[in-house]
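Read through the structure below, which is laid out as structure tokens, and then see the notes.
The values are calculated or read from the model by the stated rules, or taken from the named source; none is laboratory data. Every value quoted in this text rests on a predicted model; they were computed, and no experiment measured them. Positions of Cβ are backbone-derived with ideal geometry, glycine not excepted, and every protein chain shown enters the neighbour counts.
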Amino acid sequence: MKIRFDGLTKRFPNRNKKIKSEVVAVDHFTFEIPDGKLVGLLGPSGCGKSTALNLICGLETPTEGKIFFDDDDVTDLPAENRGVGMVFQSYALYPHLTVKKNIMFPLQNLKGDQKLTKEQLEAKALEAAKIVQIEELMDRKPNEMSGGQQQRVAIARALVKMPRVLLLDEPLSNLDARLRIQTREEIKRIQNTTKITTIFVTHDQEEAMSISDLIVVMKDGAVHQIGKPQEVYDSPVNLFVAKFLGTPPINVFTGRIKDGKLLIGEDTILGKDCVKDTKDQEVFIGIRPEGFLLREDKEKNGKLDGKNGVFHADLLAIEVMGRDTSVVFSHSSSEIEGTRLRAIVSSDNQIDPESKTVAFDVNPKKVFVFSKETQERLL
Amino acid sequence: MSMQQDTKIQSAKPKNSAKLLKRLNAFKAWLYLLPALVFLGIFMVYPLIDVLVYSFEEGYNSASQTSFGTGWFNYAYVLHDPYFLQAVKNTFIIVIITVPLSTLLALLISLALNSIKKLKEVFQTIFFLPYVTNTLAVGLVFMIMFKKTPYTDGLINMILAIFKTGPVDFIDGPYWAKMFVMCFYTIWVVLPFKVLILTSALASVDEVYYKAAKIDGTSRFRMFTHITLPMISPMIFYLVITGFIGAFKAYSDEVAIFGTNLNSAGMNTIVGYVYDMLYGDSGGYPSYAAAAALILFAIVFTITVVNLLISKKTSIR
């Protein structure tokens, strides 16, 4: 089922009562989530993503705007009639009930004709447990299980009513690193099997990128960009999105466009062909760590042409990761003075850790230019 | 230096020194416990044993420290004393009526307090006020409200008159009327503490459970019976157990309303009987008092064990 937002807005009164202005948690959401997709709602903490989730499930009522499930307007529908399943950050498993009873709990709320017999209850609970592969834990209590298992139970409980939409609030934040990777694949698998439109909230971009069909990048209540993870990564619309996605983070410099060239300090990053139709101005330049290509050897052999795409920086350290090597450097033009910048190069390169400077070629595809005033992407 | 020596000894004779260390630690533990143990021994264990001894000594006299002999005589006397039997009956009625009723009322009040948003603190304070008020002062107020004198029928009887009933003398009148006042008063006095405990217990239930239940379409009644009650059940059991113990030990509440001559009022309790046997007008019989006290102990102990067994069986975690 697809979900459509139309100018959805949620404002809260300021917690400090002396301040009259309201806090905008969700600011005019207008977009559509296609049917059967796994969507990651991504943003830094406090950006309103959990509020957005609460609006979808009906725990909060919007200040203005509408929410549609397919073509049904569910804006004023109470939570229990929306057909949503929700997995809370803390799982919210009832501690006094066994796994089986936890999973059956939503079904036991059904009334009248929908009321299920004991056999039906058991069968449905088992079915849901099978999807998340916890059939053998049915008689445990929540505190007798690991975080990952509790998470699965919570998902099973959310799935048992076969909801139209499954919502997950920070589903991986309470798990350790190893379990996190396992569980995110698990979520992807469950979503693939059930084909239920799933929305999950996270502040971890890696988490969102790795399993989402679509990511929605938010900041301060506003949607900044929606797209497939790779698309958003490869062409961020503004500096925030560029900075928010990617580990290690993108390196940001202050530079300028002059005579159709892109300059950082005295180094020409992109030559005449690359910068067209843009007036001369000060800009922010973002270069992804993998956008740097080591130039060490060429320079030593004196074969440098010096015309295009060379970038000099002060070498700080070399970190060997095995698969690749991270070159840590600093540059006087970095956005924030003294930031440790990072380039990731193939481990085939031999870099002399003793040398004071390092020179790179730059992959133009990995270079983004942002306006200094609006922080919007220029090219 | 000593550390080095220690490790040397350990490496030389690891088994021996480990044993030594263990014994040293045990000794230290007892040393730290000593002050508490001494006080508990002198002021609790010794008197308890003493009471047990007195209860078996016939006609013990505390002044001369003499007695006629030993045996079950004191118990037999106390158990055949109509005043004691009346006291046991009164105590049980008070316990059975006030403990469940006050807990239930406290739960209802706490739920109401928990659901209001405005002036919550104000109401909580109001409900807690009786707890900081002296029992005798409250008793006096109750007495004035319920008492019927030649000059006035009292506030309660005035209200009853509106409904065309009464007047009833609640303080010097029939047994049921006196028992009603007693239970009413007891509930009123124990309520604030229970409300305090239960409101904090209710507030400590994580909001997220209710959110989850709401999304799943749980009715409010089911939320209460299947989420709230199990979650606060440890606190309810705590209140019931301490409530039982407290109600069995009731005495000052009775004095506050009916005065010190509880036997003639027919409103004596077991603790009141013990007191009377020691210091009352008919007092001076420490052996009877000791026997009665031990019977009370046996009753309270049994009830508490039963309570704990039940709470363990139905315990949620």
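Consider B:Ile144 carefully, then state whether it is more than 13 Å from B:Ile257 (Cα to Cα), among the β-branched types (Val, Ile, Thr), out of contact with any helix residue (DSSP H, G or I) (no Cβ under 6 Å at 6 or more places or on another chain) and part of a helix (DSSP H, G or I).
Spelling it out, it is not the case that B:Ile144 is more than 13 Å from B:Ile257 (Cα to Cα), among the β-branched types (Val, Ile, Thr), out of contact with any helix residue (DSSP H, G or I) (no Cβ under 6 Å at 6 or more places or on another chain) and part of a helix (DSSP H, G or I).
State which residue is nearest to the other protein chains (Cβ to nearest Cβ) when the search covers only region B:188-212 and only residues that are of a type in the set (A, V, I, L, M) and crowded, with 21+ Cβ neighbours inside 10 Å.
This residue is B:Ala212.
Please go through region A:180-220 and pick out each residue that is under 21 Å from A:Pro236 (Cα atoms), aliphatic (A, V, I, L, M) and part of a strand (DSSP E or B).
Scanning region A:180-220 gives A:Val201, A:Leu214, A:Ile215, A:Val216, A:Val217, A:Met218.
Is there a residue being in the same structural domain as B:Ala291 (by TED's automatic domain parsing) and under 30 Å from B:Ala290 (Cβ atoms) anywhere in region B:99-112?
Taking every residue of region B:99-112 in turn, at least one turns out to be in the same structural domain as B:Ala291 (by TED's automatic domain parsing) and under 30 Å from B:Ala290 (Cβ atoms).
Just to be sure I understand, how many residues within region A:62-90 are out of contact with any Leu (no Cβ under 8 Å at 6 or more places or on another chain), without any contact (Cβ under 8 Å) to a residue 60 or more places away in the chain and within 14 Å of chain B (Cβ to nearest Cβ)?
5
Which one of the conditions (1) surrounded by fewer than 19 Cβ atoms within 10 Å (Cβ to Cβ); (2) part of a strand (DSSP E or B) does A:Gly85 fail to meet, given that it meets all the rest?
The failed condition is (1).
Does region B:213-232 hold any residues that are assigned to a helix (DSSP H, G or I), at the interface with chain A (Cβ under 8 Å from one of its Cβ atoms) and not β-branched (Val, Ile, Thr), and which are they?
Matches in region B:213-232: B:Ala213, B:Lys214, B:Arg222, B:His226, B:Pro230, B:Met231.
Of all residues in region B:266-317 being outside any helix (DSSP H, G or I) and closer than 30 Å to A:Leu93 by Cβ, which is modelled with the highest pLDDT?
B:Ser315
Can you find, within region B:238-261, the residue that is nearest to the other protein chains (Cβ to nearest Cβ) among those that are among the hydroxyl-bearing types (Ser, Thr, Tyr), touching a residue at least 24 places away in the same chain (Cβ under 8 Å) and part of a helix (DSSP H, G or I)?
Once the filter is applied, the top-ranked residue is B:Tyr238.
May I ask you to verify whether B:Met235 is touching a Leu at 6+ places or on another chain (Cβ under 8 Å), within 14 Å of another protein chain (Cβ to nearest Cβ) and either surrounded by fewer than 18 Cβ atoms within 10 Å (Cβ to Cβ) or in a helix (DSSP H, G or I) (or both)?
Yes, satisfied.
Just wondering, is there one or more residues in region A:125-132 that are under 33 Å from the mean Cα position of the chain (by Cα) and part of a loop (DSSP other than H, G, I, E, B)?
yes
Residue-by-condition table, conditions (1) within 27 Å of A:Lys124 (Cα to Cα); (2) buried (at least 24 other Cβ atoms within 10 Å of the Cβ):
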position	(1), (2)
A:Ala156	yes, yes
A:Met162	yes, no
A:Leu168	yes, yes
A:Pro171	yes, yes
A:Asp176	no, no
A:Gln182	yes, no
A:Asp204	no, no
A:Val216	no, yes
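For B:Pro230, work out the one condition from (1) of a type outside the set (Gly, Ala, Ser); (2) surrounded by fewer than 18 Cβ atoms within 10 Å (Cβ to Cβ); (3) within 27 Å of A:Leu107 (Cα to Cα); (4) in contact (Cβ under 8 Å) with a residue 40 or more places away in the chain it doesn't fulfil.
Here B:Pro230 meets the rest and fails (2).
Report, by residue number, each residue of region B:213-223 that is touching a Phe, Trp or Tyr at 6+ places or on another chain (Cβ under 9 Å) and surrounded by 18 or more Cβ atoms within 10 Å (Cβ to Cβ).
B:Ala213, B:Asp216, B:Thr218
Can you find a residue that is assigned to a helix (DSSP H, G or I), out of contact with any helix residue (DSSP H, G or I) (no Cβ under 6 Å at 6 or more places or on another chain) and not hydrophobic (A, V, I, L, M, F, W, C) anywhere in region B:161-183?
Checked region B:161-183: at least one residue is assigned to a helix (DSSP H, G or I), out of contact with any helix residue (DSSP H, G or I) (no Cβ under 6 Å at 6 or more places or on another chain) and not hydrophobic (A, V, I, L, M, F, W, C).
On the given criteria, is B:Ser64 outside any helix (DSSP H, G or I) and over 32 Å from the mean Cα position of the chain (by Cα)?
Spelling it out, B:Ser64 is indeed outside any helix (DSSP H, G or I) and over 32 Å from the mean Cα position of the chain (by Cα).
For B:Lys147, which of the numbered conditions (1) among the basic types (Lys, Arg); (2) surrounded by fewer than 15 Cβ atoms within 10 Å (Cβ to Cβ); (3) under 30 Å from B:Ala265 (Cβ atoms) fails to hold?
(2)
Which ones in region A:227-244 are without any contact (Cβ under 8 Å) to a residue 60 or more places away in the chain and assigned to a loop (DSSP other than H, G, I, E, B)?
Hit for region A:227-244 is A:Lys228, nothing else.
Scan region A:104-139 residue by residue and report those that are closer than 23 Å to A:Glu185 by Cβ and charged (D, E, K, R).
A:Glu127, A:Lys130, A:Glu135, A:Glu136, listed by residue number.
Looking at (1) farther than 30 Å from B:Leu262 by Cβ; (2) modelled with pLDDT of 85 or more, which is the one condition that is false for B:Phe43?
Just one mismatch for B:Phe43, condition (1).
Here is a check on your reading of the model: is A:Asp169 in contact with a strand residue (DSSP E or B) (Cβ under 9 Å, 6 or more places away or on another chain) and within 14 Å of chain B (Cβ to nearest Cβ)?
In short, yes.
Please specify each residue of region A:56-85 satisfying the condition of being within 15 Å of A:Leu168 (Cβ to Cβ) and more than 19 Å from the chain's Cα centre (by Cα).
A:Cys57, A:Leu59, A:Val84, A:Gly85
Restricting to region A:101-136, what's the tally of residues that are more than 14 Å from chain B (Cβ to nearest Cβ) and buried (at least 20 other Cβ atoms within 10 Å of the Cβ)?
3
Residue check, A:Gly36 against (1) within 14 Å of chain B (Cβ to nearest Cβ); (2) in a loop (DSSP other than H, G, I, E, B); (3) closer than 30 Å to A:Leu121 by Cα, all met but one. Which one?
With (1) within 14 Å of chain B (Cβ to nearest Cβ); (2) in a loop (DSSP other than H, G, I, E, B); (3) closer than 30 Å to A:Leu121 by Cα applied to A:Gly36, the lone miss is (1).
From the residues in region A:1-47 that are at pLDDT 85 or above and polar (S, T, N, Q), which one is surrounded by the most Cβ atoms within 10 Å (Cβ to Cβ)?
Applying the filter and picking the extreme gives A:Thr9.
Among the residues of region B:169-181, is there at least one that is within 30 Å of B:Ile310 (Cα to Cα), surrounded by 13 or more Cβ atoms within 10 Å (Cβ to Cβ) and away from every other protein chain (no Cβ under 14 Å)?
Scanning region B:169-181 turns up at least one residue that is within 30 Å of B:Ile310 (Cα to Cα), surrounded by 13 or more Cβ atoms within 10 Å (Cβ to Cβ) and away from every other protein chain (no Cβ under 14 Å).
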